[in-house]
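The values are calculated or read from the model by the stated rules, or taken from the named source; none is laboratory data. Predicted, not measured: the structure shown is a model, and the values here were computed from it. Here the Cβ positions follow ideal geometry from the backbone for every residue, glycine too, while neighbour counts run over all protein chains shown. These accessible areas exclude ligands, DNA and RNA; they are computed on the full protein's heavy atoms, side chains included. Shrake-Rupley method; radii C 1.70, N 1.55, O 1.52, S 1.80 Å.
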Amino acid sequence: MGAQQVREGFAALYGAEPEGVWSAPGRVNLIGEHTDYNDGFVMPFALPHVATAAVSRRTDGVLRLHSGDVEGGVVELRLDDLAPESDRNWTAYPAGVVWALREAGHAVTGADVHLASTVPSGAGLSSSAALEVVIALALNDLYGLGLQRWQLARLCQRAENVYVGAPTGIMDQTASACCEEGHALFLDTRDLSQQQIPFDLAAEGMRLLVVDTQVKHAHSEGEYGKRRAGCERGAALLGVDALRDIPYADLDEALARLGDDEEAVRLVRHVVTEDERVEKTVALLRSGETRAIGPVLIEGHASLRDDFRISCPELDLVVDTALASGALGARMTGGGFGGSAIVLAEAADVDTITKAVEEAFASGGHTAPRVFEAVPSAGARRVS
Ligand code: GLA
């Protein structure tokens, strides 16, 4: 859905033109999984799929929300009534952002919003972060709040953690707010320092496919929280603030200190080696050895499957089939237990790999996956 349609949708609903239209993308993570709540490194890039919002200010303490993607009419909320974990619908994401802005002392007095999104939901591609960031950016512009992109990301994370009640890290919101076209974002989640790393696979004859398995296992949210708590326990056992503080060179010694605490050993090993894989990926991309990131992605998947234990049969099937059909690398991406995998491949092999994955899903009795090429796209912006 284009910006013009969202603008027209707003005018039809609310009887006036919006003050502006903004968009914010979903993301895919190249490498650095489950490191963001350990103060570690991540490397996402923005997808061309975006949430688009037409927005106008109000002065009467009312928030009106409407989504073109969801059945139902305009939802009207009073700002004074917004309360954490009171809403289990899609409206919790935009309302949570308004709540977080006001809680941080920003004088937001209301808004009319009409939204539409092309980010697949439930696919691990950050459709919720896109919804949050598009609202945060729109209100930042309209109310002249002067917040920087990283500050908007932090507020959106607070909306997600406290208002929605999901204990996620900072990666998705920062990716949506800060990514740049043609680049992957090398982000240090401890201080939010960022480096834009040129990532133009097409120029080098390669492609990156996203394979959305279209499955989301029901226990995914509970398991996410358990992994997060397990990592925090690991850090406490090792006497550090966060697992980020264990240098890769000290990993063996740290694991020895954990002794036969197999659960802690596995979680710590994943996080510390994953941070190392992000740094390795950045170094390889900087030195132009792009094909050499393939094995790093493969190792990342093995670590998420065997040590972190958050893969699932469908994600493993994508990875195994893609690699058997000539992919340079492949791994699950995002929170795990369903969602999407990424496949790095020579352009010439894309059709063969796609067909092989589709056939493997059909013969395994799984729902057909959705496969598309991911091109590093722009971060959140005002579109009109
Ligand atoms: C989800 C969370 C992120 C991050 C990833 C795993 O996408 O929202 O904060 O933890 O899982 O890397």
Out of (1) at positive phi; (2) in the same structural domain as T273 (by TED's automatic domain parsing), the odd one out for D241 is which? (1)
Test A177 against the stated conditions and say whether it is away from the ligand (no atom under 16 Å from the Cβ) and of a type in the set (G, A, S). no
So how many residues does the stretch 45-63 have that are under 13 Å from F10 (Cβ atoms) and small (G, A, S)? 3
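Residue-wise test of (1) open to solvent by less than 10 Å² (accessible area, probe 1.4 Å); (2) in contact with a Pro (Cβ under 8 Å, 6 or more places away or on another chain); (3) within 20 Å of L137 (Cα to Cα).
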site	(1), (2), (3)
A166	no, no, no
G169	yes, no, yes
Q173	yes, no, yes
A177	yes, no, yes
G182	no, yes, no
L185	yes, yes, yes
R190	no, no, no
Q194	no, no, yes
I197	yes, no, no
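Let's see how each residue does on (1) charged (D, E, K, R); (2) open to solvent by 70 Å² or more (accessible area, probe 1.4 Å); (3) under 24 Å from the mean Cα position of the chain (by Cα):
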position	(1), (2), (3)
Y224	no, no, yes
R227	yes, no, yes
C231	no, no, yes
D245	yes, no, yes
A254	no, no, no
R257	yes, yes, no
E262	yes, yes, no
Of the candidates A235, A229, A203, the one satisfying the condition of being touching a Leu at 6+ places or on another chain (Cβ under 6 Å), assigned to a helix (DSSP H, G or I) and at pLDDT 95 or above is A235
Looking at L82, L125, can you tell me which residue is surrounded by 22 or more Cβ atoms within 10 Å (Cβ to Cβ) and modelled with pLDDT of 95 or more? L125
Contact list please: Cβ distance under 7 Å, first residue in the stretch 159-176 and within 14 Å of V97 (Cα to Cα) and at pLDDT below 95, second residue open to solvent by 10 Å² or more (accessible area, probe 1.4 Å) and within 7 Å of the ligand (Cβ to nearest atom), pairs at least six apart or on different chains. none
